[in-house]
Amino acid sequence: VVFTHHKGESTATTAYSSASAIKWVTAAVILRLVEEGLLGLDNHPQDYLAWWTDDPEDERSRVTVRQLLSFTSGLSGTPFGDNTPRCLEDESTTIALCAQQIYESAFSYVPGEAYFYGPSHMQVLAAIAEAASGESWADLYSSRVAEPVGMINTEYNWPSTENPRISGGAQTTMQDFQRFAESMLTNAYWPTTWSEMLIDHTASPGVTFEYSPMTNGSRGWHYGLGVWL
């Protein structure tokens, strides 16, 4: 840092709602678990969640961690509005219970064939991560990203800390996000999965854009693992 400037009451350490910027951080947590061998990108939710079907006749059994990260898992549910899974605004439930509700009500497409930009995929990912590790999402984020890169003033907390919206329900600061971006720039912490994050997982003509705020009817914006390309 060679120069900083702020106006009014906004500083580098002022907390702001993250909105979808936190998706990049969430993807980093998941990929760190992949680095550790706790998760596999091509593994299935039923490898970790007892309630997820393994029936080959049920297309939900074909979902992979990679598809959840690239929003091509077949799940739907818009970020806001009538088509948003209700549990994502429920402060009284948990990540695991919300993920199960999404599983039961928001599966709309063949896995791998449709891109749907929405919060469902990452809520399920968080449930998988908690089940695979035996740790809470808060502890996973703290130990895998916050502490190693110095992102100490960021918290997943909306609508609650027990059931934060993993794709957009956090508070963060400019200083924290700068530290995270610098860790990504150096690529020291995700040596084997960084390249996976940047692969275009929506390039195939077989992937239709069912919902995306960025395409405006075109294929101009593509998606990697938790990041726009």
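5 Å is the cut-off here: which amide hydrogens, built 1.01 Å from N in the peptide plane, fall below it relative to PHE71, excluding neighbours closer than 5 in sequence?
Counting only residues 5 or more places away or on other chains, the set is empty.
For GLU59, what accessible surface area do you get with a 1.4 Å probe? Give it in Å², rounded to 10.
Estimated to the nearest 10 Å², GLU59 gives 70 Å².
For segment 86-215, what does the accessible surface come to per residue with a 1.4 Å probe? Please give it in Å². Let's see the in-between values first.
Working: 5530 Å² over 130 residues.
Solvent-accessible surface per residue comes out at 43 Å².
From the backbone phi of segment 175-182, what are the Karplus-calculated ³J(HN,Hα) couplings (6.51 cos²θ - 1.76 cosθ + 1.60, θ = phi - 60°) in whole Hz, Gly and Pro given as x?
4, 4, 5, 4, 4, 5, 4, 5
May I ask you to give the percent of accessible area on the chain that is carbon plus sulfur, with a probe radius of 1.4 Å?
Ligands and nucleic acids excluded, carbon and sulfur give 51 percent.
Rounded, prolate or oblate: which fits segment 33-169, taking a ≥ b ≥ c as square roots of the Cα gyration tensor eigenvalues, rounded meaning a/c under 1.5, else prolate when a/b beats b/c? Before the final figure, lay out each step's value.
Working: a/c = 1.75, a/b = 1.25, b/c = 1.40.
Oblate, since a/c reaches 1.5 and b/c is not below a/b.
Would you mind checking which residues have amide H under 5 Å from LEU229's amide H? H placed 1.01 Å from N; only 5 or more apart, or other chain.
Long-range HN contacts for LEU229: HIS222, TYR223, GLY224.
How fast does segment 154-229 diffuse by Stokes-Einstein, in µm²/s, taking the Kirkwood radius from C-alpha pairs at 37 °C and 0.692 mPa s? Can you show the working numbers first?
Working: Rh = 14.8 Å.
The estimated diffusion coefficient comes to 221 µm²/s.
Would you work out if segment 93-195 is rounded, prolate or oblate? Take a ≥ b ≥ c from the square roots of the eigenvalues of the alpha-carbon gyration tensor; rounded if a/c is under 1.5, else prolate when a/b is larger than b/c, oblate otherwise.
Values: a/c = 1.92, a/b = 1.45, b/c = 1.32.
Prolate.
What number, in percent, do you get for the relative contact order of the chain if the mean sequence gap of Cα pairs under 8 Å and at least 6 apart is divided by its residue count? List each step's numbers first, then the result.
Working: 392 pairs, mean separation 62.1, N = 229.
Once normalised by length, the contact order is 27 percent.
Compare PRO148, PRO213, PRO164 in a GNM of the chain, Cα atoms joined below 10 Å, and give the one with the largest fluctuation.
Of PRO148, PRO213, PRO164, the Gaussian network model singles out PRO213 as fluctuating most.
On a 0 to 90° scale, report how tilted helix 95-105 is relative to the longest principal axis of the chain, with both axes built from alpha carbons and the result rounded to the nearest 10.
40
Express the accessible area of segment 1-73 per residue in Å², computed with a 1.4 Å probe while the remaining protein chains stay in the model.
Details: 3780 Å² over 73 residues.
Result: 52 Å² of accessible area for each residue.
For every helix of n ≥ 4 consecutive DSSP H residues, a contribution of -39,500 (n - 2.57) applies; sum these over the chain, divide by its total residues, and give [θ] at 222 nm rounded to the nearest 500 deg cm²/dmol. List each step's numbers first, then the result.
Values: 7 runs with 67 residues, N = 229.
Taking each H run of at least 4 residues, the total per residue is -8500 deg cm²/dmol.
Would you please give the residues with an amide H less than 5 Å from that of ALA114, counting only those at least 5 places away or on a separate chain, with H modeled from the backbone geometry?
Result for ALA114 returns GLY74, THR208.
Given a 1.4 Å probe and the protein chains all in place, what does the accessible area of GLU113 round to, in Å² to the nearest 10?
Surface open to solvent at GLU113 totals about 90 Å².
In vacuum, with every alpha carbon of the chain counted as one equal point scatterer, what does the Debye formula give for log10 I(q)/I(0) at q = 0.12, 0.15, 0.18 Å⁻¹? Two decimals, please.
Values, matching the q order: -0.63, -0.99, -1.43.
Pull up the DSSP beta bridges for the chain and report the antiparallel fraction as a percent, rounded to 5.
Numbers: 6 of 9 bridges.
Of the beta bridges lying entirely in the chain, close to 65 percent run antiparallel.
Once the other residues with Cβ under 10 Å from the Cβ of MET122 are scored (Lys, Arg +1; Asp, Glu -1), what is the net sum?
My count for the surroundings of MET122 gives +2.
Solvent-accessible area of ASP90, probe 1.4 Å, all protein chains present, reported in Å² to the nearest ten, please.
For ASP90, solvent-accessible area is about 50 Å².
The values are calculated or read from the model by the stated rules, or taken from the named source; none is laboratory data. Note that this is a predicted model, so its numbers are computed, not measured. So basically every Cβ, Gly included, is an ideal-geometry build from the backbone, and we count neighbours across all protein chains shown. Only protein heavy atoms, including side chains, enter the accessible area calculation; ligands, DNA and RNA are left aside. Shrake-Rupley method; radii C 1.70, N 1.55, O 1.52, S 1.80 Å.
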